[in-house]
Every structure is written in C-alpha cells, then in structure tokens.
Amino acid sequence: MSAPTSEEIEAEVLDWFNGAWDPDLPLVEWRKLLLASGWAVPSWPTQWHGRGLPVWADKLAHDTIRGAGGVVTPLGGGMGLAAPTILEHGSDDVKQRLLAPTVTGELLWCQLFSEPGAGSDLAGLTTNAVRDGDDWIVNGQKVWNTSAHHADMGILVARTSWDVPKHAGITYFALPMHQEGVEVRPIEQMNYRASFNEVFLSDCRIPHANVIGEVNDGWRVARATLAHERSFATLRKSKMPTKPWGRTVTEANDEATDHLKTYVWYPQRAGRADLLMERARTAGVADDPVVRQEIMRAISFQRANEWTAARAKRARELGHPPGPEGSLGKLAASELARRCHRAHTTIAGSQGMLRSGDDPVHETVAEVLVSTPAQSIAGGTDEIQRNIIGDNILGLPREPAPDRGQPFREVARNT
C-alpha cells in the first residue's frame, strides 16, 4: 500500500478538525482530542499517539489545523527536547506516563545539563545520583536552566558511576521538579534579562522508573537531546490564531505569550541583521564604504546560512534524524551574530552603548552588543561544534584527551 500524499493527509486532517473542533473547550481537553486522533504528532508510532507517517506530516498537520483556526501542541522544551528523547530511548512505562501529558501541555519541562564546572565538557559533570531502593538520591548544581522556575519536570543527566571513564558513568533521568530539595534561583544577565536559572539539588529523589534508557548509558541519550537542541526544536515558531474567539484559542495565546517572554531578547542575541540597512540610513552612513562592507559581510552570510538551514530542515522532513548538520547551523549562527555585532558597532560608534535616548532603537542596538556573545555559548560552544564537525563530518583524528579511558574518580577536575 502506497504512503498517503500530502493532499490526502491535508484533506483527512481538515475533515477530522471540522468534526472535532469546539472553540469553547479548555485547552487541555482540546489537546487530548488532538492526541487521541493521532494528528498531534502524526510521525510518531501508532502505539504512541501517532499515525506512523513521515516526519513532514507533522508540519503539514499543524499548518492545516492552524490555518483552519485551531491550535496544536505547546511550544518549549517538552515537545522539542523531552518528548522526542523519551520516544527514542524511554521504556514503554516511561512513554506511557510522560508522553501524553507533555503533548497536552499538562507537564512543562526544563533541561538540567550544564554545570558550573561542566559546560563545554558536559561529560565531566559531577552532579551525583546514588541508588536507594526504588529511588535515586541526587545532589549537585545545574546552571543556565531555561524555564526551571515553572517546570514540572526536568531532563537531568547525573553521574551514577565514578569508577568508569566519564562518558560511561552517566545516567539520564526525568526529575520531578516540585519537591523538597530542588531550589531554583534566577540569573541576572548583562543585558538585564533573567531568562535562565541555576538549580540546586539537595537530596532530592527520582523514582528508578524515571530512568530514560539504561543506567550508565545516559551519555548516548543526552547526545540525542543535544542533537534535537541544535536543530533549534525548542524555538520553533508557532503562528497563533489572531482572533481571540473561544476559550481554546484564548488559553493557547496566553500560554504562548507566557512562554515567549523568556525569548524576547533572542533576536538581539542573533544579531538583528534585519536592522543593519535601516540603522545605516538613519545614521547617515549608508554610503560609507567601510560600513557597506561590514553590512555586506553580515547579510551575505545570513543568506548562505538560511540556505543551509533549509537543507537541514528538508532532511528532517524526509525522516532523517538530526545529525552533525545541526552543529554547522549552530556555528554559522554564532558567526552571523559576530558579523552583525561588528556592523552595528561600526554604524553606531560610541552611541551603541546607549540604552536610552531620542532614538528608541538605541536600546535594541545596545542589547544586541551585549547579547551576541551568548550565541557562541548557548547550546554548545563554538569549540565543541568544531570538534563535532571535525569528528563526524570531516573525519579528522580526535583531539588528544588525557582523561580518555581513565576512571572518572581519578580525573583532575574543577571542584
């Protein structure tokens, strides 16, 4: 039997939507109907709330439902990171308990990976989990944790063995966040935002049933999450219905607005290439050859990066898993941010340091200049991306690692 065409899928989605849509349902109840229909994530297997269709059917189904005035799955790390990782590596029990409430938005997630002494070298983490009967007791600290202040669950990597090499002693958990022993503190950034948190874990407990994958095989699972992260899954944009008609749409718009507050400065982090020509004209330097050269360097690189991103997106739609091309896109985004930073500085001069003034765009440009360094750090530093590209794309010899093969207990590390 041949696979259905995009036209057939679109028609079937629309037919289901027209029969099921009730704009006065609570958002969660609507999403439960969507989940039961298989159109929430149609690329997932039928036994796990999907329809076993190609990956490209997800976007088609969502676009069709939005175009008809409905809403789909929630934004954020739940659908972008936790759900695909659980689907790929979780036990049937974990999938049964955690996938559905993630799709409906009943469970909000955060990512608990980086530590003060283990950022780029994530496998050097020291947050410790010790088995205690049917639970694991966890102690340690995580950092740069978006949404941790309101998350219900956290995807956590912790060390469960110190007597094997560092990559081999890590386990991946789903951590219940609302418990004694989990303390979340916001971090104020140099752009005056507080989008991230640090999380302190003190004798908090995780049921053994919440292990994702196998004990001490968490690095393999974490790499799957990182691949999804580098494909920018958590920041996918969702065009919401503009009419606030009915309870479902109103609640969905409120949910999306609350989620996107965290990311309001992310366009500035990316460099705001869209402002360069306007700023040059406003400043009266659009004919300056040095300014024009800097703008050209930024805009031309942006166009090339968009084509690369489009190819990677098409590969995902055809069902290919996220791979090292995510590192190419991440590295290119960092370079684009630096080029935009240089161009904005050339245009604005010393006025680029003003956070207020007669020109309301000054504050935006000032935020660009203090936000772009984050682009080279978040989601894996440029150095890490180059290592991934060298290893997995170019086939270069791996960098020397004096701790490779040593039990982690014997490795010198930050304390």
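Every number here is computed from the coordinates shown, using simple stated rules; none is lab data. Quick caveat: nothing in here was measured; it's all calculated off a predicted structure. Note that we place each Cβ from the backbone using ideal geometry, even for glycine, and neighbour counts take in every protein chain shown.
Which one of E294, E399, E29 has the biggest mean-square fluctuation once the chain is modelled by GNM with Cα springs under 10 Å?
E399
For the chain, which DSSP H helices look membrane-span-like by this rule: Cα extent along the axis of 27 Å or more and mean Kyte-Doolittle of at least -0.5?
325-348
How far, in nm, would the chain grow between T46 and H208 when pulled straight, counting 0.36 nm per residue and subtracting the alpha carbon separation?
55.6 nm
Where the only charges are on Cβ atoms (+1 Lys, Arg; -1 Asp, Glu), what is the dipole of the chain about its Cα centre, to the nearest 20 debye?
Approximately 1040 debye in magnitude.
Roughly what percent of Cα-Cα pairs across segment 265-380 reach past 21 Å?
41 percent
Starting with the fewest neighbours, write out H344, H89, H149 ranked by other beta-carbon atoms found within 10 Å of each beta-carbon.
H149, H89, H344
Note down the magnitude of the dipole of segment 265-380 about its Cα centre, charges +1 on Lys and Arg C-beta and -1 on Asp and Glu C-beta and zero elsewhere, to the nearest 20 debye.
Roughly 460 debye for segment 265-380.
Rounded to whole Å and sorted largest first, what semi-axes of the equivalent ellipsoid does the C-alpha gyration tensor of segment 109-221 yield via the square root of 5 times each eigenvalue?
Over the Cα atoms of segment 109-221, the ellipsoid semi-axes are 23, 16, 11 Å.
With the dipole of segment 162-233 worked out from charges on the C-beta (+1 for Lys and Arg, -1 for Asp and Glu) around the Cα centre, which of L226, V164, P207 lies farthest toward the positive end?
Sorting the options by dipole projection puts first L226.
Within the chain, how many lysine pairs that are 8 or more places apart, or on different chains, have C-alpha atoms less than 21 Å apart?
14
Given that just one value was derived from the coordinates, which of [x] 68, 63, 44; [y] 65, 52, 46; [z] 80, 49, 46 is Cα extents along the principal axes in Å?
Entry [x].
Helix-derived [θ] at 222 nm for the chain: sum -39500 (n - 2.57) over DSSP H runs of at least 4, divide by residue count, nearest 500?
Calculated at 222 nm, the ellipticity per residue is -13000 deg cm²/dmol.
Picking from D203, D288, D217, which is most flexible by a Gaussian network model of the chain using Cα springs under 10 Å?
D288
Determine the dipole magnitude for segment 109-221: charges of +1 sit on the beta-carbon of Lys and Arg, -1 on that of Asp and Glu, nothing else is charged, the reference point is the Cα centre, and the result goes in debye to the nearest 20.
Computed about the Cα centre, the dipole is about 280 debye.
For the chain, with a Gaussian network of springs between Cα atoms less than 10 Å apart, report the residue from A222, A57, A374 with the top mean-square fluctuation.
A374
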